[in-house]
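Working notes, structure below.
The values are calculated or read from the model by the stated rules, or taken from the named source; none is laboratory data. No experiment lies behind these values; they were computed from the predicted model shown. Glycine gets a Cβ as well: all are built from the backbone with ideal geometry, and neighbour counts include every protein chain shown.
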Amino acid sequence: MKCHFYLLDINEDRWNDKPCVRLWGVDEKRRRVLVLAAFTLPYFYYVLDDGVDAEKIKLELESKARTALPEISEVRIELKKRLGRTRTALKISCNDTGVVSSYAKQLQKLFKGRATFEADLRLSVRYVTDSDLTPCGWNECEVQPVTLTGVKVDRAYVATSPPLTVKDVTLPKLRLLSFSVLTASGKGSAKPEKDPVRVIAVETNTGESKAFTCDGADDSKLLNSFVSFLANFDPDIILSFESNRLHWPYLIQRFKARRIRFSIGRDGSEPHTSMFGHLSITGRANVDLFDIAGSLPEVKIKTLENVAEFLQTPSSGKVTTIAESDRYALWSTELGRRRLTEHTAVNAKASLEVAEASLTLPMQLSAITGLPLDQVMTAAVGFRVDSYLMKQAHLIGELIPPRSEQPFFTYRGAIVLEPKSGLHDNVAVLDFASMYPNLMVDYNLSPDTLLKPDEQVPADSVNLIPEVKHRFRRSPDGFYKIVLSTLIKERSGISRELKEADPKSSRYKVLKERERAVKIVTNACYGYAGWAGARWYVREVAESAAALGRDTIDKTIKKAEAVGVEVIYGDTDSLFVKNEPNKIDQLLSWVKKEMGLEVRVEQIYVRVLFTEAMKRYAGLLPDGTIDIVGLEVVRGDWSDIARQVQEQVLNSILRDRSTEKAIERVRSTIGRLRAGEVPIADLTIWKTLTKPIEDYKVNAPHIEAAKRLLKEGWDLTLGDKVGYVITKGKGRLFEKARPYNQVRPQDVDTDYYMQNQVKPAAMRILERFGASEEQVGF
DNA sequence: AAGGGCGCACTTTTGA
DNA sequence: TCAAAAGTGCGC
């Protein structure tokens, strides 16, 4: 019989005394299924020197292996490629996953040979790489039913044929569960060894919602209720905000402290940390919405509140932030407890809504890269590319190199133009479409086409890169070119399908997000090539792409001048020009014809303002909204008061063209500040701890505040944001910084906020319009 | 365990 | 007093 299933999770196990992978999914009849697949045994390649008799080595190996390497089950001779060159390799399969890497090492000692490859791939990775199997997609294989105990699924099978991907973008009806956790402690951060969980709120996509609370010190009942709710609902995807960093670790510790088994996996197992620091729950996908927030560049400061607002989810307006330091006091009153419980419930509800609005992208990214859903968003960009490339490499028989520690070299990057400062009316932004990927394809930039400096070849058979003088073979197509062409083709295929799809249909939405996912992977390939951690790291490839980018933008600027298009600013692959459509058309068609690259008019600004700085500007769009780039308004490390005042200044100038109105707004802020009317929250400056506190070489305000928080019993770890306020007093700035929750209104150093926050933020803009500090009132 | 790249602005501290 | 270094967070 056939099993047709949507794949959700993959893990490793053994079956009939052999390694196998477990494929957890949902079938077309909405049954939860488990398919045991044992076709691919773990294996690695042993690459032979040129001219060596492979058969002889094979026989020798088989006889030696009988005693020295008893877990080898099969040796096969295969032709593989390494950087495009054909190699004879022995494919050595093993009966045990644990021995693969040690066997690879021993083999190199037993025989002389080139190297081993692919011994570092885990079986689940091996399986996705090798087979036609798509996570977050439909797959099909021949199966036989089996009876398994201790596994919570509707059907269990063992596969009797390799799986095949079924092209189908329909989504099965999945069960989603979101949760939010609230803790509170009388002193500092709540500690799982002693502080109970106060509230866990859960919300499901079938409309169930519950808030479990615990009034006293014993939260056993709450913890048990959470587990049984989970078991009853049996979710396919579990969602929460900042769960990998906060909720899961706390819950795991707390369950341990209470000696309760936290068994929520479909095989009864407990949550466990896995690759990329994510939390794995067997048979389900655990997704941290914080990681999804990372894929939304429009949301500058990644809070649930901001994400919900950006996605315009129904309860977005209701999400609030309650500072951890305020929670204990609130928890001590009946009213406060009600408020905290409600707050947690709203968070859970908002999390579910955010998930429903944003999960399609991660799912498509998972389908394309082959990384399971619970890993794909926690994995850094480079690892998504790695995973994608491994699948592609396998398809063309290219050996997968290991990830290794490599010496690291920086190289020159892109060009940024000095802006023409001041206000400009009617400005068009020209953008090269996928500039780096296209250059990589056009010039065949790839690890396997790069020539060594001393290699002699006919000049007309290579692409010589300007400035950096690297040379790449024009043929055959390199690995990157093959992969990028595949991605680009995939994208245009999706675009075609989109044109025929109904924009309101769910199919349209899936295709749209699939297109985005393909674009994400495509655009990441350039940075990947220059990342020392990449399996296919070749600095020259990235360096050449950057050099070609500079060359391209240079030539385009020269041509713009020649046809009379005024260039105002440019960064990497964009040019801001005076909007004169006829001349622009001329320029664009020249680029297309001469360089084979597509440039689009990406945006038109009614008015745009530049200071003298690069990467910082603000523009008024035709729809009346204001786009702010790089300036303090969009930076998370300035006080709200400074950001608000700058935003008001920009509004007055861009929308109303009124410097007077802008100055008036600033004066009013100064007045409020002097009168002590600005709340502490608007004066708090947030900065991230980017390394362990003891590693800092210099004193800094946020480090001083962090030390004071630690002394009070707060836990602070790498990646935490520290909020501080500058208070009155003597000494240097860092000596006057206090954690925001320890500051009373009368302590605030108003002068600092005047001179070092509001003034620079406002004057940065205003001085462009001739306003002096005195005139504004500083 | 935790990992794309480089270019840039800007504030504060440091040390000569 | 001042230039360099440290630190953060942005743009593309």
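Quick grid of which residues meet (1) assigned to a helix (DSSP H, G or I); (2) more than 25 Å from residue A:701 (Cα to Cα); (3) within 16 Å of DNA strand C (Cβ to nearest atom):
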| residue | (1), (2), (3) |
| --- | --- |
| A:637 | no, no, yes |
| A:641 | yes, no, no |
| A:644 | yes, no, yes |
| A:650 | yes, yes, yes |
| A:663 | yes, yes, no |
| A:668 | yes, yes, no |
Those residues of the stretch A:547-596 that are within 16 Å of DNA strand B (Cβ to nearest atom) and over 22 Å from residue A:413 (Cβ atoms) come to a total of 0
For residue A:421, state whether it is under 27 Å from residue A:655 (Cβ atoms) and either touching a helix residue (DSSP H, G or I) at 6+ places or on another chain (Cβ under 8 Å) or among the polar types (S, T, N, Q) (or both).
-> yes
What are the residues in the stretch A:610-641 that are under 20 Å from residue A:686 (Cβ atoms) and in contact with a helix residue (DSSP H, G or I) (Cβ under 6 Å, 6 or more places away or on another chain), if any?
-> A:628, A:632, A:633, A:638, A:639, A:640, A:641
What about residue A:570, is it in contact (Cβ under 8 Å) with a residue 40 or more places away in the chain and part of a strand (DSSP E or B)?
-> yes
Strands (runs of 3 or more DSSP E) lying entirely in the stretch A:53-155 (those with 3 or more residues that are among the hydrophobic types (A, V, I, L, M, F, W, C) and within 16 Å of residue A:393 (Cβ to Cβ)) = none
With the condition kept exactly as written, say whether any residue in the stretch A:609-620 is over 22 Å from residue A:299 (Cβ atoms), at pLDDT 95 or above, within 16 Å of DNA strand B (Cβ to nearest atom) and in a strand (DSSP E or B).
-> yes
Restricting attention to the stretch A:547-566, the residues that are farther than 19 Å from residue A:433 by Cβ and in contact (Cβ under 8 Å) with a residue 60 or more places away in the chain number exactly 1
Quick count over the stretch A:680-692, residues being out of contact with any Lys or Arg (no Cβ under 7 Å at 6 or more places or on another chain) and either in a loop (DSSP other than H, G, I, E, B) or more than 13 Å from DNA strand B (Cβ to nearest atom) (or both), is 8
Tally of residues being more than 16 Å from DNA strand C (Cβ to nearest atom) and closer than 22 Å to residue A:191 by Cβ across the stretch A:243-280 = 25
Considering only the stretch A:693-707, state which residues are assigned to a loop (DSSP other than H, G, I, E, B) and either exposed (fewer than 14 other Cβ atoms within 10 Å of the Cβ) or of a type in the set (D, E, K, R) (or both).
-> A:697, A:698, A:699
Any idea which of (1) part of a loop (DSSP other than H, G, I, E, B); (2) within 16 Å of DNA strand C (Cβ to nearest atom) is the one residue A:382 doesn't satisfy?
-> (1)
Across the stretch A:708-726, which residue is surrounded by the fewest Cβ atoms within 10 Å (Cβ to Cβ) among those that are within 13 Å of DNA strand B (Cβ to nearest atom) and within 30 Å of residue A:755 (Cα to Cα)?
-> A:719
